[in-house]
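Encoded as structure tokens, the structure appears first; notes follow it.
The values are calculated or read from the model by the stated rules, or taken from the named source; none is laboratory data. This structure is a prediction, so every number in the text was calculated from the model and none was measured. Positions of Cβ are generated from backbone atoms using ideal geometry, with glycine treated the same way; all protein chains shown enter the neighbour counts. Accessible surface is based on the protein model in full, side chains and every heavy atom, while ligands, DNA and RNA are left aside. Shrake-Rupley method; radii C 1.70, N 1.55, O 1.52, S 1.80 Å.
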Amino acid sequence: MIAGMFTKILIANRGEIACRVIDTARRMGVATVAVCSDADRTARHVAMADEAVHIGGALPAESYLKGGRIIEAASATGAEAIHPGYGFLSENPDFVEAVQAAGLVFIGPDADAIRAMGLKDAAKALMEKAGVPVVPGYHGADQEPGHLEVEAAGIGYPVLIKAVAGGGGKGMRRVERPESFIDALESAKSEALGAFGNDAVLIEKYVEKPRHIEVQVFGDGTRAVHLFERDCSLQRRHQKVIEEAPAPGMTSEMREAMGAAAVRAAEAIGYKGAGTVEFIVDGSDGLKSDGFWFMEMNTRLQVEHPVTEAITGVDLVEWQLRVAAGEALPAKQEDLSIDGHAFEARLYAEDVAAGFLPATGRLTHLVFPDGARADTGVRPGDVISPYYDPMIAKLIVHGATRAIALRRLERALSETRVAGSVTNLAFLRRLAGHRGFAAGDVDTGLIGRDLEALTPDPVPCSRTWALAALGALGLDGPGPLAGFTLWEPLVWDAVLDHAGEARTCRVAADGADRFVVVVVVGDAQHVVTRSGADWLVDGAKTGAGIVRLGNAVSVFWGNGYHFTCPDPLDRGGSAVATGVIEAPMPGLVKSVHTKAGAEVAKGARLAVLEAMKMEHTLTAARDGVVAEVLVVEGAQVEAGAALIRLEDEA
């Protein structure tokens, strides 16, 4: 136990960040208390903690956002401090004050610092006074549309409209021409009001080739240091996908200027704990010390903090606990340096081909590779819940150079094995191998420009079908039929389905652990043998793994391919053919936009489902007439529930 350190803390969060905090606390000899909702009673963070307290229902509003209940749990278990993680209550100043009023320590900044950075317009005005560069724009209180239109013209198009209380891209619109401004303004204000209860906006100059570079800061309430920068430019819909540290192309002059600006920002508000100062950077002509502007400050630990830890050797959670316990900053600026390069990739349960639709499912198989750090809140057999962010893990790699680290990232992604839910794993691999990204030519528009090339589902070759057939027939492991022959080889037929495509594979045993597989569609033939744990196809080692659970077969080779073994007695028609619009996941019916008897065209919006902190528009799969609406606004529905039915086609 470190002298003066807490003996027990409560973690007011869930998932991978709760597990991450528990890891450091355990190493420091600090006992931990987890909190959990109905959906998380058997979650990994609950199993890891020394104690756990159930705090409410599955919805965040019924549990992880119940500040009073969390404080009660801390007091009842004898915890001396509360670590908020990120998200949920981590940047709620009222919660901070309530924690302190209960005689507990909040492991993070004080309420005043959080409030100072809570609204983008006020924060930018404060940063201007502190000498931190801000993007040219209007951050005033006059929200009259005509006034905002004049301000936009003065800034110069293109401009960006942003909700002052915004985040995650909500209430944000890019406007290219003056004639589009009013429509974009109305849309942004409406979305902001619905998301944040505040329709105020600010207007900024739109940077043509923007890069998102942020600086990790750490303060003790009086002074602060920075732990260098992270580049978070690889984004999809304003959500980060792969982060790295340090930023490619960074010069020593710009690093010094950005770091100094970030420290001024932290010290201007008496910041205590870990925080991140985010900058928008003009990457159109290289990185220059006069080409970055303050965007916002996140007054908490960031999701991507592990890449900073990798290049500095600093455990940021340990620093959080030490400073919250009353210690001074553990290091001076001159003590900190950069060692090598690091990447973090966010692995999500999501259907990339369906527009990155968040997914659920039970993780029937989950293996992370050696040589990479995997921060995760789930285990094999766990369920991806519809109530929370669908992150499975963060994969973090480190190397002596950017090129080495990137190769390690590609390998780590190729060796990660997940079954039971669709994931963005193949998308991440393509992104890691993107030529522009490899060259360090990154900006926030890279994914959008190359989305078509980055998002196709991987297509299995005939060799993969052959391996899947062995799994489907149970011939992938030792057993009485593995390679058994009489006077003639035993022959089996396996019917497999991959993404709606069905194929029959004819498998003949040709000796011990040796099979001849004919993929009937395409008439390809392969000889598959096993040598120890290795599968060889036509004499070539594959490195593949085969896993069957229930009627599902996964072949982990490259990106990983997932097959099902169709039930020959199943004669059900598809939802598209029958005209039934189903819920793709459990969620809340936010709104219904049609009624019985209405004529709808293919692609027409019929309903909006809210799930996993996002809204999902459900559309008509074909032209038709609405026969019946089977759901009402505000209803909670399960995955696969029929919501709207179209009349049968003539």
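Data for the structure
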| read-out | value |
| --- | --- |
| Hz values of 3J(HN,Hα) by residue in the stretch 216-223 - Karplus curve (6.51, -1.76, 1.60), Gly and Pro given as x | 6, 10, 8, x, 10, x, 10, 10 |
| Per residue value of the accessible surface for the chain (all protein chains in place, 1.4 Å probe), Å² | 42 Å² |
| The stretch 602-650 - convex hull of alpha carbons, volume per residue in Å³ | 81 Å³ |
| Carbon + sulfur, % of accessible area of the chain - ligands and nucleic acids excluded, 1.4 Å | 50 percent |
| At 1.567 mPa s and 4 °C, Stokes D of the stretch 400-536 from Kirkwood alpha-carbon radius, µm² per second | 73 µm²/s |
| For the stretch 357-493, size of Cβ-based charge dipole, Lys and Arg +1, Asp and Glu -1, in debye | 440 debye |
| Shape of the stretch 339-470, Cα gyration tensor, a/c cut at 1.5 | rounded |
| Cut-off under 5 Å, modelled amide H: who pairs with Lys209 long-range | Gly283, Ser284 |
| J(HN,Hα) series, the stretch 627-635, from Karplus relation 6.51 cos²θ - 1.76 cosθ + 1.60, nearest Hz, glycine and proline x | 7, 7, 9, 9, 9, 10, 4, x, 6 |
| Once the Cα gyration tensor of the stretch 1-122 is diagonalised, semi-axes √(5λ) in Å | 22, 18, 13 |
| Under-5 Å amide H pairs with Ala635, H placed in peptide plane, nonlocal only | Val589 |
| Between the stretch 178-221 and the stretch 593-625, the Cα center-to-center distance that results, in Å | 28 Å |
| Mean separation of Cα contacts under 8 Å (6+ apart) over length of the chain, as relative contact order % | 9 percent |
| Dimensionless Rg/Rh of the chain - Kirkwood Rh, Rg from C-alpha atoms | 0.99 |
| Over the stretch 152-206 - Rg/Rh using Cα atoms and the Kirkwood inverse-distance radius | 0.96 |
| For Ile392, distant residues with modelled amide H under 5 Å away | Leu347, Tyr348, Ala349 |
| Phe368, Phe556, ranked by accessible area, largest first (probe 1.4 Å) | Phe368, Phe556 |
| Value of D in µm² per second that Stokes-Einstein yields for the stretch 211-325, Kirkwood Rh from Cα pairs, at 10 °C (1.306 mPa s) | 112 µm²/s |
| Under the Karplus curve 6.51 cos²θ - 1.76 cosθ + 1.60, θ = phi - 60°, whole-Hz ³J(HN,Hα) for the stretch 364-380, x wherever Gly or Pro sits | 6, 8, 8, 9, 9, x, 5, x, 9, 7, 10, 8, 9, x, 10, 10, x |
| Two-decimal Rg/Rh across the stretch 273-404, once Rg and the Kirkwood Rh are taken from alpha-carbon atoms | 1.02 |
| Ellipsoid semi-axes in whole angstrom, largest first, where each is sqrt(5λ) of the Cα gyration tensor of the stretch 348-388 | 20, 14, 9 |
| Pairs from Lys162/Lys209; Lys124/Lys189; Lys240/Lys272; Lys170/Lys590; Lys170/Lys288; Lys120/Lys240 whose Cα-Cα separation, in the structure shown, is over 22 Å | Lys240/Lys272; Lys170/Lys288 |
| Intensity falloff of the stretch 186-252 expressed as log10 I(q)/I(0), Debye formula with alpha-carbon point scatterers, at q = 0.23 Å⁻¹ | -1.00 |
